[in-house]
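Beneath this line is the structure, given in C-alpha cells, with notes to follow.
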C-alpha cells in the first residue's frame, strides 16, 4: 500500500513568529538553564524560577529572530533556510527586527526583576555578541564558530547566576561544557551542509580549509570536553554517579568523532556525529540532576 505523503502545516503569522525564535534551540537552552538552576547552591522561589526560565527563553528567541532578520538575504541561498518566513517573503524584515527587539527587552526585564541584574547583564551581552559579532563574522572567518559558542553557552551560566548572584568556578565550568560542545556539534552540520554554506558565502572551517580540518577542529574540542565536564566533581557540584555518566558520554562522543577520520567517512558519518551531539548534552544534564537527587 502506498503511503500518503505527510502534508506540511499551512503557514500562519503566529507560526512564522514562533519559527523566528528557533523553538528547538530555545527549548534546549531552557533545559540547560534549568540544569544550572538545579545545580546551583541555594534556593529560588517559584516566581523567580518561572521568571528566569521565561526570560532565558525570550532572550534566546530574540537572538535567533534578530539573527534571521540580519541574514534574510543569505538564507535565500541555502536549501535548509530558504523556506523560513523572511526569505520566503511571508514576513517583512522590519517586523522581524521589531519582534526580536521586543521579546529581547522583555526577557532582559524578566531576568532583572525576577532573578537579579547580574543575570540580566549576561543575557544582554549574549544577545549583543550573537547578533552583532557572531552573525556578521560568519561571512568573514571560520573563527565565527568559536565566537558564537560564547553567547550560545550563556543559558546555564545565567541559570547559575540567577540563584547565586555571582560568577564562580562551577558556573564557569557549566559555561565551558556547553561552549566546548557547540564546536563539534556545529562542525558536524557544516560538514554535511558544506555546499549550502559555500553557496551562501558563509566561511566555515569545512568550506575554507576542507573536511579534514573541520574534523580535527571537532576532535580538539570534543577531547577537551571530557576533562572539563569532569571538573564539576572536584568542585563539589557533582558526585560519583555524574562522574561515570560524564566519562561514558564523553568517551562515546569522542569515539564517534574518531570514526570520522576513517576511510569513507562522509556525510553519513557527519549526520551520525551530529545526532550523537544532540543526545550528549541532554543526557549529561539529566545525569547531573539525577546525581544531585541521589546524593
| query | Percent relative contact order of the stretch 168-295, based on C-alpha pairs within less than 8 angstrom and at least six residues apart? | reply | 31
| field | Linear extension gain, residue 14 paired with residue 275, 0.36 nm per residue minus alpha-carbon span | value | 91.0 nm
| field | For the stretch 103-200, alpha-carbon Rg and Dmax in angstrom | value | 15.1, 45
| task | Treating the Cα atoms of the stretch 168-295 as identical point scatterers in vacuum, please give the log10 of the normalised Debye intensity I(q)/I(0) at q = 0.12, 0.15, 0.21, 0.22 Å⁻¹, two decimals. | result | -0.47, -0.69, -1.10, -1.18
| request: Beyond 36 Å, what share of the Cα-Cα pairs of the chain is found? Please give it as a whole percent. | output: 17
| message | If every alpha-carbon in the stretch 12-167 counts as one equal scatterer, what log10 I(q)/I(0) does Debye give at q = 0.08, 0.12, 0.16 1/Å? | response | -0.23, -0.50, -0.84
| note | Here the FRET efficiency for residue 247 versus residue 143, based on Cβ atoms and R0 = 41 Å and rounded to 0.05, is 0.85
| query | Which order do 202, 56 fall in if you start with the one that has the fewest other Cβ atoms within 10 Å? | reply | 202, 56
| query | How large is the helix-only mean residue ellipticity at 222 nm for the chain, computed as the sum of -39500 (n - 2.57) over DSSP H runs with n ≥ 4, divided by its residue count, in deg cm²/dmol to the nearest 500? | reply | -23500 deg cm²/dmol
| query | With each label point set 7 Å from Cα along the Cα-Cβ vector, what nm distance links residue 101 and residue 294? | reply | 5.0
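Taken together, the values in this text are just the output of simple stated rules run on the coordinates, not laboratory data. All values reported here derive from a predicted model rather than from experimental measurement. Glycine also receives a Cβ, built like all others from the backbone with ideal geometry; neighbour counts cover every protein chain displayed.
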